[in-house]
Amino acid sequence: MALLQKQVCIAMRDAHYNKHSGLQHAAMSRGLKLIPELADNSVEFVRRILNSVSDGTAVEILLEDTPFNDFSSLSKTLHAEIDQPFTERQVRLFPRMIPVGFYNRIVPNQLVDLGVSWSSMNYLRTQPAFEFSLQSTAADFAAEKHEAFSSTAHQDLISFMTLRASEIREGGCLVAALGAQKPALEANYERTIEEVEKVLHMPSISKFWSAEVLEPELIEHPAWAEYQATCESAGTDQVKKENARREYAQSAILNLVSSSGWFWLDILKTHRGPRWDGGDDFLENLVQDSVQEWIKNFPNLKMETWYIYLRARRHADD
Ligand SMILES: C[S@@+](CC[C@H](N)C(=O)[O-])C[C@H]1O[C@@H](n2cnc3c(N)ncnc32)[C@H](O)[C@@H]1O
């Protein structure tokens, strides 16, 4: 039997993602120090850039995602958080929303000075196809699957770096935080640092890019530190501790469901039909049940995840 290669419709859980992306925010905050000559979700990053330019500068910001993304939430956030404070300094911001996935050309040649990608490059272009038979053992199945996913991820990273080499100007930079956990969902593969290095060292890639930073770091969900601090200050107050545990479990689960909800809904729709509209209720119940399980079975599980930080400089073509 073979699994067919499948186009995926990746998008976070609309406005929910904005509210529950504390871990991705922490990952991006750590990445800010990679931005050259400049000193949260990505809005903080844009604000830093705007702070660093001289009065009267016009800045073009290109925000791209898949066509399934909630661009409306994105544009409202940008307007509320960024647009207003800079009018005094006559710093003019020209945002453009680009509903084109990053495995395509996104902008014309050599338009971009700084490209950034937070918590996104683990999503593959397509769900890889791999062969397996009903006689396969679980270990064979896992090995086949790993082989297919890692090889697709390798090709995808080559495409990604090649496409960005056309778009980012010579002397410009690409800064990224790539998730580096064990694979979890379909169409998702988090690479090891060796896998990223292998691509960066290929002559077809190193002729465009010099890796200035490539380092792993374990990033903690900020709710963990809050939970610890509340428990410490609660002393013998068990109710306060229980509430803190519930809040922490909720933050952790909402973070997971907000960024993987699309995957579960896609699967359910294939079985229940495209007109099924029970998605929100399904996810609500999933959150409630998972929070209970977390509290019962893993009350002190620290939510943390490995990221690989990359800063690559686009040098002149060899
Ligand atoms: C976990 S979110 C990270 C969002 C944001 N960068 C942040 O740090 O909060 C992953 C994002 O990658 C986007 N994404 C996944 N595959 C993509 C692709 N092929 N092209 C463009 N965006 C993609 C998803 O739609 C989603 O918005």
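Readers should treat all values here as calculations from the given coordinates under stated rules, not as data from a laboratory. Just so it is clear, the structure is predicted and the values come from calculations on it, not from any experiment. Neighbour counts are summed over all protein chains in view; Cβ atoms, including those assigned to glycine, are modelled from backbone coordinates with ideal geometry.
Computing FRET efficiency as 1/(1 + (r/R0)^6) for Phe94 and Ser73, where r is the C-beta to C-beta distance and R0 is 25 Å, gives about 0.80. Annotation for Thr236 and Asn51: the two label points, set 7 Å from Cα along the Cα-Cβ direction, are 4.5 nm apart.
Once Rg and the Kirkwood radius are both taken over the C-alpha atoms of the chain, their ratio Rg/Rh works out to 0.98.
Each principal axis of segment 226-318 carries a Cα extent, and these read 64, 47, 17 Å when sorted largest first. Sparsely packed loop sites in segment 236-318 (the chymotrypsin sites (Phe, Trp or Tyr not before Pro) outside DSSP H, G, I, E and B with at most 16 other Cβ atoms within 10 Å) comprise Trp276.
Measuring from a point 7 Å past the Cα of Ser260 along Cα-to-C-beta, which residues in segment 199-224 have an amide N at less than 20 Å? Answer for segment 199-224: 218-224.
Say R0 is 30 Å: what FRET efficiency, to the nearest 0.05, do Ala229 and Ile193 get from their beta-carbon distance? Efficiency for this residue pair is about 0.40. Taking 19 Å as the straight-line reach from the Cα of Lys145, the lysines in range (excluding those fewer than 8 positions away in the same chain) are Lys6, Lys182.
Computed on the Cα atoms alone, the convex hull of segment 129-258 gives a volume of 180 cubic angstrom per residue.
Simple point charges give the picture: +1 on the Cβ of Lys and Arg, -1 on the Cβ of Asp and Glu, and for segment 222-297 a dipole about the Cα centre of about 140 debye.
For the listed residue pairs Lys240/Lys302; Lys76/Lys302; Lys19/Lys296; Lys33/Lys302; Lys19/Lys241, the alpha carbons are over 27 angstrom apart in Lys76/Lys302.
Ranking of Ser136, Ser119 by neighbouring Cβ atoms within 10 Å, starting from the fewest: Ser136, Ser119.
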